[in-house]
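The values are calculated or read from the model by the stated rules, or taken from the named source; none is laboratory data. What you see is a predicted model, and the numbers here were worked out from it, not measured in a lab. Cβ coordinates were reconstructed from backbone atoms using ideal geometry, including for glycine residues, and neighbour counts include every protein chain displayed.
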Amino acid sequence: MTFIAKNIQANGIRVSYLEEGSPNGLPLIFIHGFPFNKEMWEKQLSVLNETHRCIAYDVRGHGDSEPGVAQFSIPQFADDLFFFMDALKIEKAVLVGLSMGGYIALHAIKNQPQRIAALVLCDTQCAADSDEVRQKRTKTIAFIQKNGLSVYAEESLKNLFAPASFTAKKDEVTFIQNTILKSPAENICYTLQALADREETCSSLSLIKVPVCILVGKEDKITSPEVARKMQVLIKDSSLHIVEGAGHLSNLENPEEFNEQLKTFLTSISY
């Protein structure tokens, strides 16, 4: 299936997005991880577009969305999301966020809970970076500024995918590698700093009143199933599903199981 990107002005920048499905269906907004773009959600858009209004967009400075002049931060990305929803005349939506997309979704529901119908949190966490991780991000920024993206992309892949995916999902691995390599290095560095500076959202999870589904790859090295379980405990009535044969990119590594869990969850939501 060929997806044609659209553009819209929101919060002073051009935002690139994909939109499929029924205009009157429940809006699903897919928020990609770092340092990826909207195209990582195509296997979800092609399955859910018969029943929902499916939208995947590029976060500021990623994919084909403009970086603008604002400093990159997770709160800024969350603000951008609401301006994007306003531009599309969407009052309320289900947010599906993976990794960084989950950080954005959790900040969004903390700031404007009335605009979120439900949350799907994929391979993500609520904690802020530890001092050790923050220092590692700082070193990574310096390395990229000196050496470019090729080594960074190669090293990232080792943590992003389950070991079996390197033989069973070669196309997906190549796709992610190329996505990283095509990204502007300065925007990757700006986002690394935004990730390092982000605040925790664990303390606000108990306030979430909407349905929440948590999905995590069984072999996720970055945000493990144990991290996902801690979030589930804090979010009342949330569900957790561990995706077999997947690492940090569960929607790409096992789209069949991921999509089935997503569809099951969405049938339980009243809108």
- request: Using the structure shown, decide if Ala105 is within 29 Å of Gln232 (Cβ to Cβ) and out of contact with any Phe, Trp or Tyr (no Cβ under 9 Å at 6 or more places or on another chain).
  value: yes
- prompt: Applying the selection to segment 215-233, what residues are free of Cβ contacts under 8 Å to residues at least 60 places away in the same chain and of a type in the set (Asp, Glu)?
  reply: Glu219, Glu226
Test for Thr267: is it touching a His at 6+ places or on another chain (Cβ under 9 Å) and either modelled with pLDDT of 95 or more or surrounded by fewer than 18 Cβ atoms within 10 Å (Cβ to Cβ) (or both): no
Yes/no for Gln261 being out of contact with any strand residue (DSSP E or B) (no Cβ under 9 Å at 6 or more places or on another chain) and more than 21 Å from Ala108 (Cα to Cα): no
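State whether one or more residues within segment 238-245 are in contact (Cβ under 8 Å) with a residue 60 or more places away in the chain, surrounded by fewer than 19 Cβ atoms within 10 Å (Cβ to Cβ) and over 26 Å from Thr179 (Cβ atoms).
No, every residue in segment 238-245 fails to be in contact (Cβ under 8 Å) with a residue 60 or more places away in the chain, surrounded by fewer than 19 Cβ atoms within 10 Å (Cβ to Cβ) and over 26 Å from Thr179 (Cβ atoms).
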- request: Being within 8 Å of the chain's Cα centre (by Cα) and within 14 Å of Ile116 (Cα to Cα) is the filter; apply it to segment 92-103 and report the residue that is surrounded by the fewest Cβ atoms within 10 Å (Cβ to Cβ).
  value: Gly97
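Each row is one residue, and each column tells you yes or no for (1) crowded, with 23+ Cβ neighbours inside 10 Å; (2) aromatic (Phe, Trp, Tyr); (3) under 18 Å from Ala194 (Cα atoms); (4) at pLDDT 95 or above.
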{"residue": "Lys6", "(1), (2), (3), (4)": "no, no, no, yes"}
{"residue": "Phe30", "(1), (2), (3), (4)": "yes, yes, no, yes"}
{"residue": "Gly33", "(1), (2), (3), (4)": "yes, no, yes, yes"}
{"residue": "Glu39", "(1), (2), (3), (4)": "no, no, no, yes"}
{"residue": "Ala56", "(1), (2), (3), (4)": "yes, no, no, yes"}
{"residue": "Val69", "(1), (2), (3), (4)": "no, no, yes, no"}
{"residue": "Asp80", "(1), (2), (3), (4)": "yes, no, yes, yes"}
{"residue": "Asp86", "(1), (2), (3), (4)": "no, no, no, yes"}
{"residue": "Ile90", "(1), (2), (3), (4)": "no, no, no, yes"}
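Does Pro225 satisfy the condition of being at pLDDT 95 or above, within 19 Å of Ile31 (Cβ to Cβ) and either among the aliphatic types (A, V, I, L, M) or surrounded by fewer than 23 Cβ atoms within 10 Å (Cβ to Cβ) (or both)?
no
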statement: When segment 149-182 is checked residue by residue, the ones that are out of contact with any helix residue (DSSP H, G or I) (no Cβ under 9 Å at 6 or more places or on another chain), in contact (Cβ under 8 Å) with a residue 24 or more places away in the chain and either in a loop (DSSP other than H, G, I, E, B) or closer than 14 Å to Met40 by Cβ (or both) are Pro163
